[in-house]
1. Would you calculate the separation in nanometres between label points at F80 and E209, each defined as 7 Å from the Cα along the Cα-to-beta-carbon direction?
2. Run the dipole for the chain about the Cα centre, Lys and Arg Cβ at +1, Asp and Glu Cβ at -1, nothing else charged, and hand back the magnitude in debye, nearest 20.
3. Residues with beta-carbon under 14 Å from that of E3, excluding E3: net charge, scoring Lys, Arg +1 and Asp, Glu -1?
4. If you take the charge dipole of region 1-62 about its Cα centre, with +1 on Lys and Arg Cβ and -1 on Asp and Glu Cβ, which of I29, I46, N59 is farthest toward its positive end?
5. Quick one: length gained pulling E219 to A94 fully straight, 0.36 nm per residue minus the C-alpha distance?
6. Around L100, what is the net charge, scoring Lys/Arg as +1 and Asp/Glu as -1 over all other residues with Cβ under 13 Å from its Cβ?
7. Order these by the 10 Å Cβ neighbour count, fewest first: M237, M258.
8. Local charge sum around V253 (other residues, Cβ-Cβ under 13 Å, Lys/Arg +1, Asp/Glu -1)?
Amino acid sequence: MTEILAPAVFFTHGAGPLPALDEPENAPIGAFLRSFEPQFDGVKGIVIFSAHWSNEEVNISSGASPELYFDYHGFPPAAFEFRYPAPGNPSLAAEVKDLLAAAGIPSTLNSTRGWDHGVFIPLLLSRPKADIPVVQVSIKNNKVAADHIAIGAAIQSLRKKGIAIVGSGASFHNMEAAVGAMRAGKSMERSSIEFEKAVRNACCSPKVERNEKLARWDEFPDARFAYPDDGSEDHFMPLCVASGAGGERPGKVIFEGMMLGGACCSAFRF
């Protein structure tokens, strides 16, 4: 009998709040996230890793009712009016901490930080009912892929308890090039597709091979165009967490499209 596990997924969350504002170049991401809603049916909790929270040591949101942290600027007033009243889950946060400790990964409970847009934008689209408790977990400042794969592996057992594990980032994050292309009326599809193909190939491999490939993501074609060496690789780390939490079978591409500037992007389920 096949064991039913809660999802382990990676979402490309788009540019700031734009997917939730129906901005044309982010509309495909928004439509995908809305279509994902039924996949959360029956899930008892969501542990989500956002590219927009990083620390030297992993931090875990442990508040009972976290506020939203509007960590963007320069957008219309509607971008600051979003609400996502899902509850936190202090006991689940403590369980995440215990699982990480068992794997030798230090972490800290953080009861004060709000959920950033890497959490509330994809979730208000993919689970607008806000009826599932949420725990946000930070990535590590070191941005080492293997470390984040290990974090995902450490908490994989939560999926057996109905806890979904979500990575929220971007499979392409050269925002300077993307914005430049958008303003020039050009598409980055041709310049971003080879890296995206390599990511899809890696993610659609069986677990051991998948994680070995993702750990060497910077060897993929055009890797440093997709993620310039300026810290932008933080958006790749949530993908590594989701892969680490995934099963033995190959992952699946659940979305492939374009975002700002026509850059290729993807989402995966493991």
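1. 5.0 nm
2. Computed about the Cα centre, the dipole is about 680 debye.
3. On the way: positive: R159, K160, K161, R249; negative: E248.
Spelling it out: positives minus negatives among the neighbours equals +3.
4. So the residue we want is I46.
5. Numbers: separation 125, 0.36 × 125 = 45.00 nm, distance 3.62 nm.
Taking E219 through A94 to full extension adds about 41.4 nm, to one decimal.
6. Charge balance in the 13 Å sphere: -2.
7. Values: M237 27, M258 21.
Ordered from fewest to most neighbouring Cβ atoms within 10 Å, M237, M258 come out as M258, M237.
8. +3
Rule-based calculations on the coordinates, nothing more; no lab input. Here the structure is a predicted model, which is why all the values come from computation and not from measurement. Every residue, glycine among them, receives a Cβ derived from its backbone with ideal geometry; neighbour counts consider all protein chains shown.
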